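Notes follow the structure.
The values are calculated or read from the model by the stated rules, or taken from the named source; none is laboratory data. Since the model is a prediction, treat every value here as computed from it, not as a measurement. Ideal geometry is used to build each Cβ from the backbone, glycine not excepted, and the neighbour counts take in all protein chains shown. Note: areas computed on protein heavy atoms with side chains; ligands, DNA, RNA excluded. Shrake-Rupley method; radii C 1.70, N 1.55, O 1.52, S 1.80 Å.
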Amino acid sequence: MVSAERAFRELPLSAQITTKTIAARLMRTMDNMAAGSELASGSYMKLMMAHNAQAAKVDEAEPMTAEGSAAAMVAMAALGKLANQVGEMPMRFIAALKDGIAGEEDEDEGGPVIMVRGGLPD
């Protein structure tokens, strides 16, 4: 962050304003994606709870012939598929965060620096 702050101060004023505007937008975007991912993960959990409730209705000895077992398995399949689709967004968001952030040491200050790949050039 120290290196980034130094580089920021060396920019012309117009570039500093543009940089702050872009950074604010990116922070809002990340916040919105995090909030959406949190909601989607809650939906995933609820769908998996319903999936589990249907699993309790399946007769292990005769899953396809016992009364209600086949219908419960159809419901499980639908709920599981939907849960996996809903859970995809939070998992991709987590993966993007994991892949996009790397810790490094600041050579001048000796402390940790967080660098975001794919951002502005050094």
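Structure values in brief
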read-out: Answer residue from segment 3-44, given it is in contact (Cβ under 8 Å) with a residue 12 or more places away in the chain and not aliphatic (A, V, I, L, M) and is farthest from residue 82 (Cα to Cα) among those; value: 3
read-out: Residue pairs meeting the criteria (Cβ under 9 Å; at least 6 apart or on separate chains; first open to solvent by less than 70 Å² (accessible area, probe 1.4 Å), in segment 93-107; second at pLDDT 55 or above and not in a helix (DSSP H, G or I)); value: 106/1
read-out: Residue in segment 10-32 that is touching an Asp or Glu at 6+ places or on another chain (Cβ under 7 Å), hydroxyl-bearing (Ser, Thr, Tyr) and more than 23 Å from residue 74 (Cα to Cα) present; value: no
read-out: Where residue 65 falls short, out of the listed (1) modelled with pLDDT of 90 or more; (2) more than 30 Å from residue 26 (Cα to Cα); value: (1)
read-out: Enumeration of residues in segment 1-18 that are modelled with pLDDT under 90 and of a type in the set (S, T, N, Q); value: 3
read-out: Tabulated pairs, segment 57-75, first under 19 Å from residue 47 (Cα atoms) and assigned to a loop (DSSP other than H, G, I, E, B), second open to solvent by less than 40 Å² (accessible area, probe 1.4 Å) and not acidic (Asp, Glu), C-beta under 6 angstrom, 6+ apart or interchain; value: 57/72; 58/69; 58/72
read-out: Residue satisfying all of: in segment 1-38; in a helix (DSSP H, G or I), aliphatic (A, V, I, L, M) and over 24 Å from the mean Cα position of the chain (by Cα); farthest from residue 90 (Cα to Cα) among these; value: 13
